[in-house]
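Notes follow once the structure below has been shown.
The values are calculated or read from the model by the stated rules, or taken from the named source; none is laboratory data. Since we're looking at a predicted model, the values are computed, not measured. Positions of Cβ are generated from backbone atoms using ideal geometry, with glycine treated the same way; all protein chains shown enter the neighbour counts.
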Amino acid sequence: MIRIRVQVVDDHDIVRYGIVSALRLSDRIDVVAQAATAAEALTECERLRPDVVLMDISMPDLSGIEVCERIRTRFPDTRVLFLTMHQSPEYVNQALKSGACGYLLKTAGVPEIVTAIQEAFAGNHVFSEPVEKLMAQQYARVAVQGGSRESNEPMRLTRRELEILRHIVDGDTSQRIADILHISPRTVEAHRANLMQKLGLRNTAALVKFAIASGLV
């Protein structure tokens, strides 16, 4: 079994020690480094090249956002996963723009954090449920009102994509959607793929969850 090499970064000693102690109980994770400052985080990351950096946003020298940008530029194979108390669209957008692969809240339990680290290591994006709902609301607003990547807003959905999304939530197959909309199943699959790419989702189940959380259906 491949063990995931993790670095934990948090400026509060008691919080960091607690996270490290909990992660060391997992048979999938090796905590190879820990740091209390951005400078320490970057130094240890360069020395040890962890698979995943689990990091807070608020630190005394540089913000976690800036650290993430530097890590992703200098060590592109290292994944960065934020674990923070901040729950706001601004922080989430900045985190994603910096190259982070996930955003967890400190209310998350140990199993959720361990699973998130495994997902990050596998190359997936992962978010705490409240953050997913927050993102879904943002996507829904932009899908209806419009938005742009320049303003850090998600790409808007087309009217056809919204229509197909609603049919997906209803449980209709690609063939059934094609018959209803008088298009080919291949076109439906193309729209489905575009939806997942635009929204940063991995599968149909995630699409359904997004649509329900965002109030689009």
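Step by step: first the residues of the range 1-48, then only those that are within 24 Å of Glu69 (Cβ to Cβ) and acidic (Asp, Glu), then the one that is nearest to the chain's Cα centre (by Cα). Which residue is that? Working first, answer last.
To start, the set of residues in the range 1-48 that are within 24 Å of Glu69 (Cβ to Cβ) comprises 4-12, 15-16, 19, 31-48.
After this cut, where a residue has to be acidic (Asp, Glu) as well, the list is 10-11, 40, 44, 46.
Numbers: Asp10: 19, Asp11: 22, Glu40: 24, Glu44: 24, Glu46: 24 Å.
Looking at residues that are within 24 Å of Glu69 (Cβ to Cβ) and acidic (Asp, Glu), I get Asp10.
Are any of the residues in the range 49-58 small (Gly, Ala, Ser), in contact with a helix residue (DSSP H, G or I) (Cβ under 8 Å, 6 or more places away or on another chain) and assigned by TED's automatic domain parsing to the domain that holds Phe121? Talk me through it step by step, then tell me what you get.
Going residue by residue through the range 49-58, those that are small (Gly, Ala, Ser) are 58.
Within this subset, residues satisfying the condition of being in contact with a helix residue (DSSP H, G or I) (Cβ under 8 Å, 6 or more places away or on another chain) are 58.
If we keep only those that are assigned by TED's automatic domain parsing to the domain that holds Phe121 as well, we get 58.
Yes, the conditions are met somewhere in the range 49-58.
Scan the range 64-101 for residues that are farther than 18 Å from Ala39 by Cα and hydroxyl-bearing (Ser, Thr, Tyr) and report the count.
Residues that pass the stated criteria total 3.
Considering only residues that are touching a residue at least 40 places away in the same chain (Cβ under 8 Å) and crowded, with 18+ Cβ neighbours inside 10 Å, which ones fall in the range 166-212?
Listed by number, the residues that qualify are Ile168, Leu199, Leu207, Phe210, Ala211.
Here are Phe127, Phe121: which of them is under 20 Å from Leu207 (Cα atoms), among the aromatic types (Phe, Trp, Tyr) and at pLDDT 80 or above? Step through it out loud before you land on a result.
Numbers: Phe121 fails: under 20 Å from Leu207 (Cα atoms).
The match here is Phe127.
Name the residue that is surrounded by the most Cβ atoms within 10 Å (Cβ to Cβ), counting only residues in the range 12-57 that are outside any helix (DSSP H, G or I) and either in contact with an Asp or Glu (Cβ under 7 Å, 6 or more places away or on another chain) or of a type in the set (Phe, Trp, Tyr) (or both).
It comes out as Asp56.
Within the range 63-97, how many residues are touching an Asp or Glu at 6+ places or on another chain (Cβ under 8 Å), assigned to a loop (DSSP other than H, G, I, E, B) and polar (S, T, N, Q)?
Residues that pass the stated criteria total 1.
Please find, among Val9, Val20, Val53, the residue that is farther than 22 Å from Gln94 by Cα and at pLDDT 95 or above. It would help to see each step written out before you state the result.
Details: Val9 fails: farther than 22 Å from Gln94 by Cα; Val53 fails: farther than 22 Å from Gln94 by Cα.
Matching residue, one of Val9, Val20, Val53: Val20.
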